[in-house]
1. Counting just the residues of the stretch A:36-49 that are outside any helix (DSSP H, G or I) and within 12 Å of DNA strand D (Cβ to nearest atom), which one comes out nearest to A:P93 (Cα to Cα)?
2. Take B:T143 and tell me if it is of a type in the set (S, T, Y), within 14 Å of another protein chain (Cβ to nearest Cβ) and more than 17 Å from the chain's Cα centre (by Cα).
3. Which of the residues spanning the stretch B:42-56 are within 11 Å of DNA strand C (Cβ to nearest atom) and out of contact with any helix residue (DSSP H, G or I) (no Cβ under 7 Å at 6 or more places or on another chain)?
4. With respect to A:V99, is the statement that it is at pLDDT 95 or above and either in contact with a Gly (Cβ under 7 Å, 6 or more places away or on another chain) or at the interface with chain B (Cβ under 7 Å from one of its Cβ atoms) (or both) true?
5. Condition (residue is in contact with a strand residue (DSSP E or B) (Cβ under 6 Å, 6 or more places away or on another chain) and of a type in the set (G, A, S)) applied to the stretch B:79-102: is it met by at least one residue?
6. Considering only the stretch A:50-131, give the helices (runs of 4 or more DSSP H) lying wholly within it that have at least 1 residues that are within 14 Å of DNA strand D (Cβ to nearest atom).
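The values are calculated or read from the model by the stated rules, or taken from the named source; none is laboratory data. A quick note: this is a predicted structure, and the numbers were derived from the prediction, not measured. Counting neighbours? That spans all protein chains shown, and the Cβs are built from the backbone with ideal geometry, glycine included.
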There are 2 protein chains.
Amino acid sequence: MPTSDPADQPAVAGPAGLIDALVQTSFVTMASLNKIGAEHDLSLTQLRVLGILRDRRLRMTELADYLGLDKSTMTGLVDRAEKRGLLERVRNPTDGRAVDVRISPAGAALAERLYAQVVASLAPLTGALSRADQHRLRALLETMLDRH
Amino acid sequence: MPTSDPADQPAVAGPAGLIDALVQTSFVTMASLNKIGAEHDLSLTQLRVLGILRDRRLRMTELADYLGLDKSTMTGLVDRAEKRGLLERVRNPTDGRAVDVRISPAGAALAERLYAQVVASLAPLTGALSRADQHRLRALLETMLDRH
DNA sequence: TATTGTTATACTCTATAACTATA
DNA sequence: TATAGTTATAGAGTATAACAATA
């Protein structure tokens, strides 16, 4: 995968240089996820849904909010995943309007495999760093995410 | 934007913890780019095309390879951007089969604005780090990208 | 023959607007 | 009335296969 993107420009001093690197890294990372998804006929969004529901059960609207999508988009997304036996719709027992979505056993098994593949596919990238640098990078990223 | 994703799981020791952070950071970054694109009626891919062509002129196939897309996909992508006056098709002077794609003045102006917006929207994230940590993060990311 | 790009086709993803059912 | 979800609709993104033009 190429590394070019909107930030693939002569690195500037100041914040831009870091942001260029961040954007490029993100494109590389997303390309890996996308490829792994494609190998299983899953879009990036479907991949995310499986990841999100690995340890949670959410109603349609919550899932939409999580993904930043409209609830009407979720209908088709969940429809297709349900048809493939990866997700299940369950009527919410306390709110007759709501529909909970949970991962199926088959979906959970797939999610585990996908996660392992993601780790394996990105390991070469992180493997460019020493063990100590890997720790530093993780700490820096987590600091940013905490503030987010 | 939510931070959940296929790696949004109990952080594991070893490579997985870092990779979780990398994936989450990438989703956050992509969400920003996506939002900026949407504000200008541009998909993430269109945004990338503008970024790539800021300082280059590529033929259709090269652009497709850059983006990891099929060449047939490029036709529609470039069609729409050309219709909006952001890109221009130019017949390649030395190879009668090839079509070069270049950014238009309007497209270049938009690309500059988009880039500034990207930097501005991600600055709060990187701003969570001290100046010294920002330098360290940039160096670590660039080390990974160099190996890629 | 091989390569470049487009066209035809089919799905998925996505949002908006309108609708049904429940609260 | 307000909320949860679906449906209808439309457009963009994507790939595969077949094609025309050029090398």
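1. Per the criteria, the residue is A:S43.
2. When the stated conditions are applied, B:T143 passes them.
3. Passing the criteria: none in range.
4. Taking the combined requirement at face value, the residue does not satisfy it.
5. Looking through the stretch B:79-102, at least one residue is in contact with a strand residue (DSSP E or B) (Cβ under 6 Å, 6 or more places away or on another chain) and of a type in the set (G, A, S).
6. A:60-67, A:71-83
Yes/no matrix, rows are residues, columns are (1) over 18 Å from the mean Cα position of the chain (by Cα); (2) away from chain B (no Cβ under 11 Å):
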position	(1), (2)
A:T73	no, yes
A:T94	yes, yes
A:P105	yes, yes
A:V119	no, no
A:A123	no, no
A:L129	yes, no
A:Q134	yes, no
